[in-house]
Amino acid sequence: MTAVVRFPDPGTSRLILLGASEYENEKLGNLPAVEGSLDELHSILTNPQTGGFLAEHCLQPAARTSPEELAASVRQFAALAGDTLTIWFIGHGLFDIDSRKLHLALAGTDPANLYWTSLPFDQLRRALLDSSADVKILMLDCCFSGRAITEMQMGDAEFSELISQEVAVEGTYIMTACSGRDIALALPGEPFTVFTGAVIEALRSAVPLT
């Protein structure tokens, strides 16, 4: 039996790359590997021969975009996807003890004021759920990223039931760097973060990933 290979339709697919390498708040250490990881992903995934996405269909906002502007641009861009929607975040992930929810750090994020200065994961969750794309891929390379699995269930009874029964949701794929309680790694001096670096190595292999 010949396996069916599924690649994105470049004309109707959208790629969103998010993250920051430098942070204004001293409590958040800079992550030089983030910029290199995002740029390499852009180069690989928009390669005309093997990438699957068109460069003009890739959203990579400036690192210092405000939370409000970022959420709006992600929502609007995701709505344009018909075939494949891929959202990839690399950077600091912060857990809000009060709301018990995951927040994604931006350049201007203040850990003491997460709600107003970061991107709540719920914004990405809503962009995915609202998208009419046939295939939805979420890649989270940050601390506590496994929380995304739990939060994807919230507010969606059917999705929650499927997850609880360990049944795959057709067309939706989520990959995280770690569990909801662990940290993601970015080693000093390395050009890429550990998780995204491993995916980049696989993307560079002789056998293309579908």
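With all protein chains present, calculate the accessible area of residue 134 using a 1.4 Å probe and round the result to the nearest 10 Å².
100
Could you please put 175, 139 in sequence from largest to smallest accessible area, using a 1.4 Å probe?
Values: 175 95, 139 20 Å².
So, going from the largest accessible area down, we get 175, 139.
Give me the distance in nm between label points sitting 7 Å out from Cα along the Cα-to-Cβ direction at residue 75 and residue 55, one decimal.
3.1
Would you work out which of 34, 119, 61 lies farthest towards the positive end of the dipole of the range 11-144? Charges go on Cβ: Lys and Arg +1, Asp and Glu -1.
119
Mean separation of Cα pairs under 8 Å and 6+ residues apart, divided by the residue count of the range 65-139: what relative contact order is that in percent?
Numbers: 99 pairs, mean separation 32.2, N = 75.
Relative CO of the range 65-139 lands at 43 percent.
Suppose each label sits 7 Å from its Cα in the direction of the beta carbon; what would the residue 203-residue 115 distance come out to in nanometres?
Rounded to a tenth, the inter-label distance reads 3.6 nm.
The values are calculated or read from the model by the stated rules, or taken from the named source; none is laboratory data. Just so it is clear, the structure is predicted and the values come from calculations on it, not from any experiment. Cβ coordinates were reconstructed from backbone atoms using ideal geometry, including for glycine residues, and neighbour counts include every protein chain displayed. All accessible areas refer to the heavy atoms of the entire protein, side chains included, with ligands and DNA or RNA removed. Shrake-Rupley method; radii C 1.70, N 1.55, O 1.52, S 1.80 Å.
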